[in-house]
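J.: To start, I am sharing the structure in question, which I have written as structure tokens.
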Amino acid sequence: FFLAGLGIALMAVHLGGWRSAYMHGISIVCLVHAAVVPAAWKRSLPLFLSIGLVFPMVMLATAVVSPSGPTGWPDAATLAEFASNYVFVLASSVVAMASGHAVWAAQQQVYRARRLGRYRLQAQLGLGGMGEVWLAWDSSLRRNVALKLLRTNGAATSDSVRRFEREARAASRLKGPHTVHIYDFGASDDGIYYIAMEYLSGTDLSALVQ
């Protein structure tokens, strides 16, 4: 998405410069990102800032390189016209980020309301290459567990499932004061494999090793 915004800005260099109507393409990029990749605003803020600021940054860079060219230093009238147009681009970026956050929040609420067998998902604890780890409530034994999920979305390879099963079996054989206990392993009807393990409350590893 950033490259798309950058491409629009570079195209505008030769098609109107500071006054180019192509700047409004940045708005489309932001809105498409919000629709395709909804995310929490804190996570998407750096990307939206980079997309929203790429157009003036490219114009300023070309003005430094070629001050007498078509995208040279703008006069007061050009700058005022640019500002009056670009405020809509920045506003659309804010709207897109807010709408993406709203969709993400709604998805999280639905996700937390879901049940995997006897487990009720409560809050996401971590995200990795193979899946996610959630704090879940075990309604049978009435205790919190850490639930590691392998999301297949109907397209998991047998190799990835075998690796996940092998991880569950290997972890269940570990015994010691510095290892977590494995309680359960299974899969939901819609293809979500999970490992239920001991939930330990406290500082996470990333905070300890910094």
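The values are calculated or read from the model by the stated rules, or taken from the named source; none is laboratory data. Note that the structure is predicted; figures quoted are calculated from it, not measured. As a convention, Cβ positions derive from the backbone with ideal geometry for all residues, glycine included, and neighbour counts pool all protein chains shown. The accessibility values were calculated without ligands, DNA or RNA, using every heavy atom of the protein model including side chains. Shrake-Rupley method; radii C 1.70, N 1.55, O 1.52, S 1.80 Å.
J.: For the structure I just gave you, tell me whether VAL87 is over 30 Å from GLN109 (Cβ atoms) and of a type in the set (A, V, I, L, M).
T.: Judged against the criteria, VAL87 is a match.
J.: State whether one or more residues within the stretch 5-17 are open to solvent by 10 Å² or more (accessible area, probe 1.4 Å) and in contact with a Gly (Cβ under 7 Å, 6 or more places away or on another chain).
T.: Looking through the stretch 5-17, at least one residue is open to solvent by 10 Å² or more (accessible area, probe 1.4 Å) and in contact with a Gly (Cβ under 7 Å, 6 or more places away or on another chain).
J.: Contact list please: Cβ distance under 9 Å, first residue in the stretch 96-118 and farther than 20 Å from LYS148 by Cβ and open to solvent by less than 50 Å² (accessible area, probe 1.4 Å), second residue at pLDDT 75 or above and hydroxyl-bearing (Ser, Thr, Tyr), pairs at least six apart or on different chains.
T.: Hits for this filter: ALA96/SER27; ALA96/SER44; MET97/SER44; GLY100/SER44.
J.: Let me ask something additional. Being outside any helix (DSSP H, G or I) and modelled with pLDDT under 90 narrows it down to one residue among LEU135, LEU141; which is it?
T.: Matching residue, one of LEU135, LEU141: LEU141.
J.: Considering only the stretch 99-118, state which residues are touching a Phe, Trp or Tyr at 6+ places or on another chain (Cβ under 7 Å) and either among the acidic types (Asp, Glu) or modelled with pLDDT of 85 or more (or both).
T.: Answer for the stretch 99-118, where residues must be touching a Phe, Trp or Tyr at 6+ places or on another chain (Cβ under 7 Å) and either among the acidic types (Asp, Glu) or modelled with pLDDT of 85 or more (or both): just HIS101.
J.: If you go through the stretch 44-52 one residue at a time, do you hit one that is of a type in the set (Phe, Trp, Tyr), open to solvent by 50 Å² or more (accessible area, probe 1.4 Å) and closer than 30 Å to GLN124 by Cα?
T.: The answer is no; no qualifying residue exists.
J.: Checking ARG162 against (1) of a type outside the set (Phe, Trp, Tyr); (2) farther than 23 Å from ARG142 by Cα; (3) in contact with a Leu (Cβ under 9 Å, 6 or more places away or on another chain): exactly one of these is not met. Which one?
T.: (3)
J.: Out of all the residues in the stretch 187-208, which are over 15 Å from GLY126 (Cα atoms), surrounded by 15 or more Cβ atoms within 10 Å (Cβ to Cβ) and of a type in the set (Gly, Ala, Ser)?
T.: Correct list: ALA187, SER188.
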